[in-house]
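The values are calculated or read from the model by the stated rules, or taken from the named source; none is laboratory data. Just so you know, these numbers come straight off a predicted model, no measurement behind them. Counting neighbours? That spans all protein chains shown, and the Cβs are built from the backbone with ideal geometry, glycine included.
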Amino acid sequence: MSESVVRESAPPAMAPSTPKTGRIEWLLIVAILAVIGTGVRAIYFTPMDSLQGAVQKIFYVHVPSAFVALYMAFALVALMSALFLWLHDLRFDRVAESSAEVGVIFTTAVLCTGPIWAKAAWGTWWTWDARLTSTLFLWFMYVGYLVMRGAMQDRMMRARYSAVLGLLGALLIPFIHLSVYLFRTMHPRPIVLKPSAPSLPPDMLQTFLLALCSFALLFVALLRIRYRMAVARDALLEEND
Amino acid sequence: MGPSLLGAALLIARKDLAIEFRTRTAFFSAVVFGVLGAAIFYFAWDPTSVGALELAPGVLWMIFTFAGLLGLQRSFSTELADRAMDGLLVSPVSREAIYMGKALANLVFVCAVEVVAILAVALFYNMSFSTHVPALALFAFLAAVGLVAVGTLFSAMTVNTRLAELLLPVLSLPFFVPVVIPAAQATAKLLAGRPLAEVAGWLKVLVAFDIVFVVACTLAFPFTLEE
Amino acid sequence: MLDAAPAAVVEAHGLTRRYGMRRAVDGVDLTLGAGECLALFGPNGAGKTTLLRVLAGLLKPSGGTARIAGVPLPGGPAARAMVGLISHEHMLYSALTARENVEFAARLYGVRDARGAAAHALERMHVAERADTPVRALSRGLQQRVSIARAMVHDPRVVLLDEPFTGLDAAGAAALTVMLCDLKEGGAALILVTHNLAEGLEVATHAAIMRAGQFVRQEPCATLDLTDYTAAYRELVTHGA
């Protein structure tokens, strides 16, 4: 069986129309507007944190991204992996693949905003707190997942391996979190990032929730685009078989 | 019919160790790497500012991890040559037994490398391992179990891919983190003569990881085979 | 010979194996009884190797049914225990000796006296004198003989041979032919994939030609006209693809 070599697609372009039909991706436009709107609200219409000043506003990007990266993107990868191993339907693998590619973008956003926030607020670029470190390893998981996929041509084998890796990765995350948390309690450091302060005043809480929703929407929009690209690519591959 | 699960696993493990003993290349490579590593790390730090006692546990676990990876690389390459793996798959032994057999052989390999690494570090860093030796051995063993459980599975997977030598570390190292952190922290405490009660928490994490991942990887292994 | 119709040792009805959209084995029907040998001819890529791998338990059927001595496939250990597979690659561990390889195989199959059975198998293939040589030091022909000994050590009821004559010299080929006849007399069912029409028909009781996953001709050797068949072979196998 000679399969034409197709490079794994790069992360999705930000153009609002899909290449195939020229249809405009409304969801993406709505999501981008929501994110911009929330950004505006965060910057101009939400009170400033008394301790940290303006830089605290990165919180509205940092935490929603982290939430999406782990609880939406990676959870979806894990769920799709389990479903694929159970039902052997390649569509689950496509969703997992798309979710991983979009998830790595959000994870990168967390890892970029985290140090910026830390440096501006507390003077050091990196802190080994449990959450940031777990996110770092989540990023490594995603990258390993995508690199492995890139090294494999056989679709079914690639899907099976990815599913195994996805599920094992889901098992790993709590262990990393626990290990790093225990490490920190044994080696306390004066600087602690508190990304999710549950005691937010109502204004800030509202903005935070809006940010969360708009990022979630952005994730879904990007996922849909990426999934459609995967469908188109697979259809092309099947024609060539 | 065929041998039992454990019987088959032991049979396969013995076969792997016989091959390794016959060729010896992987073990020697890992040992040389371990000793070299211990020596080079010593010169990477200023001995007046950082004492050997503080350095040794970290160096030890760095060497375990990377030397272990060297051994795991070759785990499935013997099966790939001449499609020897088909010979195993066609026989009545269960797929789980194949995984366990390979993992057992890898465990022996990694433990042997650990012993050599410990001796090298003890020599170069003037360590006296007289304190808490059984506890140290327990942590070393449990850590080896964790590394081998995950490494054997990923070795089986990556041997079929293009970038096998690169992929195995890239995939495995994140999984080694919850093994290395407890083991290294506990080793540091034990070498400093701290009471055993202080490392009990780390022990629990390591045992939990081992149980979860030995089971998960054993169950996952059949899914990595084409059927 | 007997009143009742002999139970088929190998049976397949509509057996199919898919790779994505492509059907490597596409609806194969076959029935083989004890002591019968099917010579399977066909161009490269016809699906012969895939068919053998499905019957050996290495691959699961995608459709249709198949049985090995009454055990439906996928039959797990019960079916695999009765099958011996000989393929292109010798499936031996080159660092171990011939004896060690065959003994290991005997133990895998739970043969009671593994050492004795291994010695016997090596003798039958006339490699006993080189039994304690590492496999990598043996010539290709001798490796092939050890591989055959390995596949037969557990007295399989079904023997699947994928071009076993390649690499064998005249003596080795003669030893193999004798062994195949012995197996037939012992009640085993054989499927022999070969590119050599003469060698195949010499031991076979049935002959089939496979193209694009299907049996295009299938008949007992007794009713076969050699000239006619040679012409059909030339047309379907050597000129077709």
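Numerical summary
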| quantity | calculated |
| --- | --- |
| Selection from region B:71-101 of residues that are assigned to a helix (DSSP H, G or I), under 19 Å from B:LEU5 (Cα atoms) and within 13 Å of chain C (Cβ to nearest Cβ) | B:MET85, B:ASP86, B:GLY87, B:LEU88, B:LEU89, B:VAL90, B:ARG95, B:GLU96, B:ALA97, B:ILE98, B:GLY101 |
| Where C:GLY84 falls short, out of the listed (1) under 21 Å from B:PRO3 (Cα atoms); (2) in a loop (DSSP other than H, G, I, E, B) | (2) |
| Residues located in region B:88-107, provided they are over 18 Å from B:VAL215 (Cα atoms) and either polar (S, T, N, Q) or surrounded by fewer than 17 Cβ atoms within 10 Å (Cβ to Cβ) (or both) | B:SER91 |
| Checklist (1) at the interface with chain A (Cβ under 10 Å from one of its Cβ atoms); (2) surrounded by fewer than 18 Cβ atoms within 10 Å (Cβ to Cβ) applied to B:VAL150, failing item | (2) |
| Subset of region A:68-95 (residues that are among the charged types (D, E, K, R), assigned to a helix (DSSP H, G or I) and either without any contact (Cβ under 8 Å) to a residue 40 or more places away in the chain or surrounded by 24 or more Cβ atoms within 10 Å (Cβ to Cβ) (or both)) | A:ARG91, A:ASP93 |
| Options C:THR227, C:THR194: the member that is surrounded by 15 or more Cβ atoms within 10 Å (Cβ to Cβ) and among the hydroxyl-bearing types (Ser, Thr, Tyr) | C:THR194 |
| Every residue from region C:89-104 that is touching a Ser or Thr at 6+ places or on another chain (Cβ under 9 Å) and aromatic (Phe, Trp, Tyr) | C:TYR93 |
| Per-region count, region C:55-77, residues out of contact with any helix residue (DSSP H, G or I) (no Cβ under 7 Å at 6 or more places or on another chain), modelled with pLDDT of 90 or more, assigned to a helix (DSSP H, G or I) and facing chain B (nearest Cβ under 10 Å) | 1 |
| Looking only at region C:1-27, and only at residues there that are over 23 Å from the mean Cα position of the chain (by Cα) and within 14 Å of chain A (Cβ to nearest Cβ), the one that is modelled with the lowest pLDDT | C:GLY20 |
| Selection within region B:174-214 - surrounded by fewer than 17 Cβ atoms within 10 Å (Cβ to Cβ), more than 10 Å from every other protein chain (Cβ to nearest Cβ) and not charged (D, E, K, R) | B:ALA192, B:GLY193, B:PRO195, B:LEU196, B:ALA197, B:ALA200, B:VAL207, B:ILE211 |
| Verdict on C:GLU123 being surrounded by fewer than 21 Cβ atoms within 10 Å (Cβ to Cβ) and acidic (Asp, Glu) | yes |
| Flag for A:SER98 being among the small types (Gly, Ala, Ser), crowded, with 20+ Cβ neighbours inside 10 Å, within 30 Å of B:LEU219 (Cβ to Cβ) and away from every other protein chain (no Cβ under 14 Å) | yes |
| Flag if B:THR218 is buried (at least 22 other Cβ atoms within 10 Å of the Cβ) and among the hydroxyl-bearing types (Ser, Thr, Tyr) | no |
| Qualifying residues in region C:90-137 (those that are more than 12 Å from chain B (Cβ to nearest Cβ) and in contact (Cβ under 8 Å) with a residue 40 or more places away in the chain) - the one nearest to B:LEU89 (Cα to Cα) | C:ALA98 |
